[in-house]
Amino acid sequence: MKNKPPKLLDAVREKMTEKKLSQGTQSLYINWIKRYVIFHKKVHPLNLDMNDITVFLNYIVEDLNLSHSTQRQAAAGIFFLYREVLKVRWLLPDKIIWVNKPMVKKEVVSNKIKTKSNGQKLKAFLCHANEDKPVVRKLYSRLKKIGVQPWLDDEDLIGGQEWELEIEKAVSSSDIVIVCLSNKSITKTGFVQKEIKFALDIADHQPENSIFIIPIRLEECVLPTRLKKWQAIDSFRSNGFDKLKKSLNKRALAL
């Protein structure tokens, strides 16, 4: 009978012992690897990518309000997992967009998005693939903090509702549709493509030169042909959210 391969954390412990890491370092790495896996709903790390690593590491600073030094400790543990245990080749730490904590705080406190002429908040529908949910959920929270009324299925659908009908109603009643794009979403078939098509149909009835659809790239990816007519925003760039706010303000002033 063949021996079963060791479980993930057992394999990590074996490798740390082999590398003669101190007990303190071993405990630290195991703690952050566990939290990383749990954060991503126990998806195996081999099924995650650089974007997932970035989301978790910046979550430590933005949501847990921990220091950058703690963030770097977590990164060291996760990098050890991928490099020494899983032996992946795609790990590129220099590609991580590290959050600047003071800048994020200033952004949240000030520069609220303007309301529409009737005094109501700008309504924004977040079109996305389920695989990008952790990143999009963070975007949802940031939009709420600057005075936008975003719509996200996980947050706004309630039990018993006919979800497909409710999503179509949400798109129809939105002032703007933010299409979140990644290498996962642009190759995926299913309802996300139907959401995009529905939004495009509504866009055809918008006044000329009005902002209604905003493609947002969550990572480096090719923009789908049917969305290329609109200027995209790269949310993974340091000025990405500021550019999005500028577009939202312009849309609000037009309504």
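The values are calculated or read from the model by the stated rules, or taken from the named source; none is laboratory data. Note that the structure is predicted; figures quoted are calculated from it, not measured. So basically every Cβ, Gly included, is an ideal-geometry build from the backbone, and we count neighbours across all protein chains shown.
Residues that are surrounded by fewer than 20 Cβ atoms within 10 Å (Cβ to Cβ) and within 18 Å of residue 202 (Cα to Cα) within the range 214-223 are absent altogether. Evaluation of residue 113 against the conditions (1) among the aliphatic types (A, V, I, L, M); (2) at pLDDT 85 or above; (3) in contact with a Gly (Cβ under 8 Å, 6 or more places away or on another chain) shows that the sole unmet condition is (2). Looking only at the range 232-255, residues that are part of a loop (DSSP other than H, G, I, E, B), among the polar types (S, T, N, Q) and touching a residue at least 12 places away in the same chain (Cβ under 8 Å) come to 2 in all.
Would you confirm, using the coordinates I've provided, whether residue 155 is outside any loop (DSSP other than H, G, I, E, B), under 23 Å from residue 54 (Cβ atoms) and touching a helix residue (DSSP H, G or I) at 6+ places or on another chain (Cβ under 8 Å)?
Values: outside any loop (DSSP other than H, G, I, E, B): yes; under 23 Å from residue 54 (Cβ atoms): yes; touching a helix residue (DSSP H, G or I) at 6+ places or on another chain (Cβ under 8 Å): yes.
Against the criterion (outside any loop (DSSP other than H, G, I, E, B), under 23 Å from residue 54 (Cβ atoms) and touching a helix residue (DSSP H, G or I) at 6+ places or on another chain (Cβ under 8 Å)), residue 155 qualifies.
For the range 212-222, a residue qualifies if it is assigned to a loop (DSSP other than H, G, I, E, B) and either closer than 22 Å to residue 134 by Cβ or β-branched (Val, Ile, Thr) (or both), and the qualifying residues are 218, 219, 220, 221, 222.
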